[in-house]
Every structure is written in C-alpha cells, then in structure tokens.
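The values are calculated or read from the model by the stated rules, or taken from the named source; none is laboratory data. In this text, all values refer to a predicted model and were calculated from it rather than measured experimentally. A quick note on method: Cβ atoms are made from the backbone with ideal geometry, for glycine too, and the neighbour counts reach across all protein chains shown.
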Amino acid sequence: MTISNKFICGARLALASFAIFLGAVPAQAASNSVALTPPMGWNSWNHFAEKIDDATVRAQADAMVSSGMRDAGYIYVNIDDTWEGERDAQGVIHSNAKFPDMKALADYVHSKGLKLGIYSSPGDKTCAGFAGSLDHEEQDAKTYAAWGIDYLKYDLCSLGEKMEHAEPMVARKIMRDAYVKMRDAIAKTGRPIVYSLCQYGYDSVWHWGAEVGGNAWRTTGDITDNYSRMAEIGFGQAGLSKFAGPGHWNDPDMLEVGNGGMKPEEYRTHISLWAMLAAPLLAGNDLTAMSKETIAMLTNKDIIAIDQDKAGKQADRVVAEGELEIWSKPMADGSTIIGLFNRHDVYNEIVVDFHKLGFKKPVRAHDVWANQDLGKLPMDAHFLIGGHDVILLKVMR
C-alpha cells in the first residue's frame, strides 16, 4: 500500500451497515483528567505526510511558541504515521531513523511547555504500512508512557480489512474490543494520555466512543484542503451535539487553515464552524511558514473562546434554507453564538428570525469577526453575507 493511496482515516472500507445492537461496553475513559475542553494543537499529516522527522517536529514546536499559538491554547504537537520502526526480540516498538530518540524529542517538546502526541493502529499495520499495535497494546502503551507521550491517535487501518470479511455483528465486536484493549492498556500505565479514536465515523461511533474510552472520535473520513470537502464534513455534523461534552468530543478532522487551498473567507468559515462544533482544533499547516493573516486567524481569542467554552456544548443547525444555514451554540455565560453561513459562492441575504431561535424579545449582539458591537437587533434581522463566508454573532438575551 503506497503513501499516495494510504487509508488515511477516510479509507474506503466495504463495511456493512451495523444495525444489530450489541451490549454496551461499560464506560471507562482512558483518562478522566484530559480533554475537558476540546484538544488544541498541531498534527503532522495534512502538510508533511510521510516527510516528517525529528527536526521538523522540533521546528514546529518552536514555531508554536514563537507565533503565540501555545499561549493561545495550542499545546499538543502530534506526530502522525511513518515514525514507526521495527520491534525488537521482546516485541518492543522502536522509532525509525527519522526519529532517533523519541524520549529526547518528548523532553524537548515538554521543555517548551507543550505536549507530544503519537500515532498507531489497532491492526498489525498502520495506514502507511508500518508496525501497528495488534497484540502489543500493553507493550506499546508502556513504551509511549516511558517516552512521555501525551496523546494517542489510534487509526483503524488494517484492522478494517479483517472486519470486511466478518459478519456485521462480529465486525462491530472486533472494532470495539480493539479500542477497549488500548484504552485499558493506557489506563494501566497511569499516565494521562488523550485517546483519540480514528475510525471514520463507522458504526455511528458517537453512540459508543465514550464507552470504549475515547476522549475524541472521528465522525468522518479525511478532510482535504478545499471548500467543498471541508463544508461536506463540517456541515455534516448536524445532529451530533448531544454526544459531545467535557472529556469526549466529536472530531470532524484536522484544520487546513494556512495550507493554501482555500480563500480567506473559506478558512474563516472552516475555523468558525469547527469552533462552534466544539471540535478539536489541530492545525495541519507548516507553523514555520505562516502568514500574519494565518496566525491571526488561528489565534483569534474570541474564536478559541467559542471552541473552549467550559459548558462544552456543541452547536447544532437550527435553520437551513437552500445554501444558507444558521447554527446555534449555547455558552457558559448565558450568551448564544449564532453562526450565519452562506454555502453559495456569491453574496446572499440571510434573515435571522430571533423568535424562531427561541428569543422572546430583541437581543443585543456582537459581531465576533468584525469585533463590533451591533447594539439591539430587531427580531427579524437582515444580513448580507459574502460567498462561502460566515458571520458569527454573540447574542445576549
């Protein structure tokens, strides 16, 4: 399997629709002390893919500090696939030549006030064909803890091939048992490690992700750096709000902000929607080569505050009229974030009927991106919004 057609979390697995209910796995988070708000950080795959190594990770960690991202809340520096080397005679995993000393790398990242993440699979091979964790779960978790790892992305990959040939009920059990096994292995180490399930939303993972210990679970296949794919994934999260909360989050995949495939207004829509979704904010760009505009977007304190709100509420869609959508997210301070999205590529007028949104009297609003108080709004407020753009309103009753 080549890197170019890697399974990459959106694999075209021919899994059957799992309609048969199996008894729920008892809820037991891998760690109850992590991900109380959606994790924020960086992941290597979107920009670097297999071209990731120790020096690049250190440079990204340095840039996360110098750009102000760390102070804005981005703390996880996550290495994706292709770090894995061979197992020794005792079965212990070692990193390959690109990562000569993973413990030293973790120590360096920690010295910057950051945390280090890593990647594996419950199958025998990772998506890129490197050593997975099948039958080595406790060994690998112990190794990660010894290295000082703080985050594990656990990607279904080759285990899915075994599931393809099983009956639906058996396939479901194979998948859930695999995630439970690593959950228990992480818990046994005693180290707080964010446990991120990457299995593309199969079998409605939002129903059972927390039960198998997930702090986050991918609800979709992979994102790519274009508006249509980003919109398909982001707006497709409608209806999942009740499954998210402190310690367990729906994950629509990493951010593409700064990678160059979208226009500024499209990236603005991207990060606005992810923040309203209380999604993990994992930058996927080259942090050493960011424009001032990219830094400003990624570190916008008001956007981050929406994502990291202590109430832990995910937004949901409340209005859909053709290409126009309105989403609503309740906040801990009693305010409501109203997101106005224009999915068309030209200007449109959008009308907000605050009565239909549950407001009984005129509201006061603040335009988040414009950083402008709008004062008291009429109960049917009209907004002109650009193509593929967004207006975020913080509304007080």
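Considering the stretch 358-391 alone, what residues qualify as being in a strand (DSSP E or B) and either touching a residue at least 40 places away in the same chain (Cβ under 8 Å) or of a type in the set (Ser, Thr, Tyr) (or both)?
Selection gives PHE383, ILE385, VAL390, ILE391.
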Item to check | In the stretch 262-313, residue surrounded by the fewest Cβ atoms within 10 Å (Cβ to Cβ) [restricted to those that are among the polar types (S, T, N, Q) and in contact with a strand residue (DSSP E or B) (Cβ under 7 Å, 6 or more places away or on another chain)] | outcome: THR269
Next on the checklist: Tally up the residues in the stretch 53-71 that are within 13 Å of LEU298 (Cα to Cα) and not in a helix (DSSP H, G or I), please.
Outcome noted: 2
Next on the checklist: Quick check on my filter: what residues within the stretch 232-258 are within 21 Å of PHE48 (Cα to Cα) and part of a strand (DSSP E or B)?
Outcome noted: ASP251
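Tell me whether the stretch 319-331 contains one or more residues that are of a type in the set (Asp, Glu), surrounded by fewer than 24 Cβ atoms within 10 Å (Cβ to Cβ) and not assigned by TED's automatic domain parsing to the domain that holds MET379. Quick ask: steps written out before the conclusion?
So the first thing to find is which residues in the stretch 319-331 are of a type in the set (Asp, Glu), and the list is 321, 323, 325.
Then drop every residue that is not surrounded by fewer than 24 Cβ atoms within 10 Å (Cβ to Cβ), which leaves 321, 323, 325.
Within this subset, residues satisfying the condition of being not assigned by TED's automatic domain parsing to the domain that holds MET379 are none.
The answer is no, given that none of the residues of the stretch 319-331 is of a type in the set (Asp, Glu), surrounded by fewer than 24 Cβ atoms within 10 Å (Cβ to Cβ) and not assigned by TED's automatic domain parsing to the domain that holds MET379.
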Next on the checklist: Considering only residues that are free of Cβ contacts under 8 Å to residues at least 24 places away in the same chain and either surrounded by 19 or more Cβ atoms within 10 Å (Cβ to Cβ) or touching a helix residue (DSSP H, G or I) at 6+ places or on another chain (Cβ under 9 Å) (or both), which ones fall in the stretch 156-180?
Outcome noted: HIS165, ALA166, VAL170, ILE174
